Amino acid sequence: MAALRGVGIGQGVATGPVQRMSEALPAPEQAPSTAGAAAERVRVQEAISHVAADLTRRAGAVDGAAAEVLEAQAMIAEDPTLADEVEERIAAGSTAEWAVHDAFAGFRASLEAVGGYLGERAADLDDIAQRVLARLRGVPAPGVPDPGHPFVLVARDLAPADTALLDLDKVLALVTTDGGPTSHTAILAREKGIIALVGVGDATVLTDGETVIVDAASGTVTTEPTAEELERAAARAAERRAADDAPPSPGALADGTPVALLANLGKPGDAADAVARGAEGVGLFRTEFLFLSATHAPTVSQQREAYRELLSAFAGRKVVVRVLDAGADKPLPFLNDAHEENPALGLRGLRALRASEDILREQLTALAEADAETEADLWVMAPMVATVEETAYFTALAREHGLRTAGIMVEVPASALLAERLLAHADFASIGTNDLTQYTMAADRLLGSVASFQDPWHPAVLRLVAEVARAGGALGKPVGVCGEAAADPLLAVVLAGLGVGSLSMAPAALADVRHALAAHTLDDARRIAAAALDADDAAAARAAALDAAG
Ligand code: PEP
Ligand code: MG
């Protein structure tokens with residue numbers, strides 16, 4: 001009956017017996033090598049190559065983010081800086097085991113000191129070090145247990161290699177003591193639709209075989225559940241399965257008020273999955289994701305091909321493409337070359353594009369060419385717009401390139417507050433709640449230490465959303481939400497109640513949001529939204545909405 005708390009990924013609920021991940025291999029002793037440096041060097045090289053090859057093989061067995069994570073791990077295993085660190089220790093007389101253990105630990109400490117996104121990569125290094133050690137010792141690498149029945153997997157932090165290959169028929173849910181909402185475990189769990197809770201510090205008290213309820217929606221693990229709690233969890237799980245299995249219908253509230261459900265995509269290859277899950281179109285195509293590793297601006301023809309592939313998958317449907325959003329968490333070397341103390345407040349988004357207008361013009365040219373060759377309804381929008389002047393600049397430039405529908409992202413409080421004036425110059429607005437929350441709450445979205453401030457439920461953020469929706473309504477211009485907030489089913493109802501007409505999210509979230517919208521009429525949604533707006537803080541807004549939703 002006790003509840004342990006963590007950060008839930010997705011909305012699922014599962015019940016089952018705990019099975020803990022096998023413990024890490026013990027650290028090696030710091031004893032001098034008896035075999036000599038040459039022999040240790042050969043051993044370590046063989047072990048690292050073996051591990052890198054194994055990770056590459058695993059990457060080949062999966063796709064999407066899982067493959068990318070595993071490929072990145074294989075590259076880290078063979079990182080030359082790490083190899084130099086290992087070599088230094090072997091040259092000084094260490095065993096291969098100690099050299100690997102100590103060099104990886106040093107690298108881990110420096111990543112943790114940086115914190116944020118890099119800090120969360122520390123678990124990746126631990127996993128690689130364990131795999132190399134296991135190879136050196138001739139024992140199996142620590143991995144996911146197989147008790148012979150379905151189980152709730154409890155681990156410190158799952159290695160990406162293990163998360164990627166989890167057998168979803170056996171693993172009912174995943175609970176980790178470490179990790180935050182941006183850790184690889186969380187990213188992969190979200191993509192695979194695994195019911196998961198990360199950052200459950202107290203999960204160390206769980207023992208093999210005890211039955212727990214893992215509820216990602218409320219972020220809790222219930223130990224010693226009562227019969228009634230088990231029944232309620234089973235009913236919710238069955239309801240979700242039914243929602244998942246139902247043929248996808250267009251998004252609508254219970255009274256039939258349409259709320260279009262769109263997909264957030266980062267590459268054209270993800271379009272088929274979005275269509276299968278019932279996406280009515282694309283609400284945010286993040287073009288910068290195509291070019292994150294490029295050192296030079298992509299050519300018009302390279303871009304045209306990518307956009308053509310995307311648009312072809314959505315003939316007759318709306319596809320909102322965002323022009324390159326470079327800077328801060330997504331720097332592009334060809335757009336952000338200057339060092340900035342506060343890149344989130346710097347020359348990013350449309351500001352960076354304006355500073356390199358040729359690149360923006362080329363992108364609009366490629367989009368117009370792809371549009372001419374396909375049947376989708378292409379809308380283009382600019383990121384990080386802060387002023388009326390920027391709005392007028394972008395929409396005029398888009399029209400000059402022959403693009404019919406041009407809008408803006410509302411991610412800066414200034415544009416939300418003056419939405420009606422900005423929208424006078426644009427065809428639509430899409431609210432990016434990730435950045436809008438970051439700037440409203442003055443909380444870096446990449447920083448774990450201020451993660452509690454980064455909550456789109458905060459009534460200050462909701463008020464800004466309400467103002468943009470009101471402005472859109474007054475001018476008859478569509479307003480949607482494409483930040484992570486749209487993927488939270490109850491918050492989606494609130495957004496609809498505030499007057500938002502479309503919600504765009506990771507395709508895996510579509511079924512839950514569709515289901516939540518269908519359970520409330522527009523009047524309900526307005527009442528639930530009013531309750532949330534009236535609260536003092538994010539937690540109170542969530543609680544008030546939950547209460548009002550009955
Ligand atoms: C946002 O800021 O909410 C958004 C959708 O854009 P991104 O997450 O790509 O910054
Ligand atoms: Mg943004």
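Miscellaneous remarks
- Taken as a whole, the structure places LEU446 among residues that are within 16 Å of ligand 2 (Cβ to nearest atom) and at pLDDT below 95.
- Any hit, region 8-15, residues being in a strand (DSSP E or B) and polar (S, T, N, Q): yes
- Any hit, region 407-420, residues being open to solvent by 40 Å² or more (accessible area, probe 1.4 Å), within 13 Å of ligand 2 (Cβ to nearest atom), within 30 Å of ALA113 (Cα to Cα) and touching a helix residue (DSSP H, G or I) at 6+ places or on another chain (Cβ under 6 Å): no
- Exclusive hit being at pLDDT 95 or above, assigned to a loop (DSSP other than H, G, I, E, B) and in the same structural domain as VAL380 (by TED's automatic domain parsing), set ALA315, ALA306, ALA297: ALA315
- Per the listing VAL62, VAL132, the residue uniquely hydrophobic (A, V, I, L, M, F, W, C) and at pLDDT below 85 is VAL62.
- Residue in region 57-80 that is surrounded by the fewest Cβ atoms within 10 Å (Cβ to Cβ), counting only those that are within 24 Å of HIS101 (Cβ to Cβ) and without any contact (Cβ under 8 Å) to a residue 24 or more places away in the chain: PRO80
- Count of region 362-404 residues which are part of a strand (DSSP E or B) and closer than 24 Å to ASN434 by Cα: 5
- Scanning region 436-447 for residues that are without any contact (Cβ under 8 Å) to a residue 60 or more places away in the chain and not hydroxyl-bearing (Ser, Thr, Tyr) yields LEU436, MET441, ALA442, ALA443.
- Among the residues of region 325-362, none is identified as within 16 Å of ligand 1 (Cβ to nearest atom), under 20 Å from THR391 (Cβ atoms) and polar (S, T, N, Q).
- Any pair with Cβ under 6 angstrom, 6 or more apart, that starts in region 340-361 at a residue that is in contact (Cβ under 8 Å) with a residue 60 or more places away in the chain and over 27 Å from HIS401 (Cα atoms) and ends at one that is part of a loop (DSSP other than H, G, I, E, B) and open to solvent by less than 80 Å² (accessible area, probe 1.4 Å): ALA344/ALA328
- Taken as a whole, the structure leaves THR374 outside the set of residues that are within 16 Å of ligand 2 (Cβ to nearest atom), open to solvent by less than 30 Å² (accessible area, probe 1.4 Å) and over 22 Å from GLY476 (Cα atoms).
- Selected residue [away from ligand 1 (no atom under 16 Å from the Cβ), touching a Lys or Arg at 6+ places or on another chain (Cβ under 9 Å) and open to solvent by 30 Å² or more (accessible area, probe 1.4 Å)] from ALA297, ALA254, ALA246: ALA246
- Filter result (closer than 23 Å to ALA306 by Cβ and open to solvent by 10 Å² or more (accessible area, probe 1.4 Å)) within region 355-365: SER356, GLU357, ASP358, ILE359, ARG361, GLU362, THR365
- Selection status of ASP54, in contact (Cβ under 8 Å) with a residue 60 or more places away in the chain and assigned to a helix (DSSP H, G or I): yes
- Residues that are surrounded by fewer than 17 Cβ atoms within 10 Å (Cβ to Cβ) and among the hydrophobic types (A, V, I, L, M, F, W, C), drawn from region 1-25: MET1, ALA2, ALA3, ALA24
- Complete set of residues in region 373-389 that are within 16 Å of ligand 1 (Cβ to nearest atom) and either within 15 Å of VAL320 (Cα to Cα) or charged (D, E, K, R) (or both): TRP379, VAL380, MET381, ALA382, PRO383
- Just one residue in the set VAL154, VAL205 is at pLDDT 90 or above and in contact with a Lys or Arg (Cβ under 8 Å, 6 or more places away or on another chain); that residue is VAL154.
- Number of positions in region 410-462 that are within 11 Å of ligand 1 (Cβ to nearest atom) and hydroxyl-bearing (Ser, Thr, Tyr): 4
- Residue in region 330-342 that is modelled with the lowest pLDDT, counting only those that are open to solvent by 50 Å² or more (accessible area, probe 1.4 Å) and within 16 Å of ligand 2 (Cβ to nearest atom): PRO331
The values are calculated or read from the model by the stated rules, or taken from the named source; none is laboratory data. Predicted model only: the values in this text are computed from it and were never measured. Every residue, glycine as well, gets a Cβ built from its backbone with ideal geometry; the counts of neighbours run over all protein chains shown. Quick note on the areas: whole protein, heavy atoms, side chains included, nothing else; ligands and nucleic acids left out. Shrake-Rupley method; radii C 1.70, N 1.55, O 1.52, S 1.80 Å.
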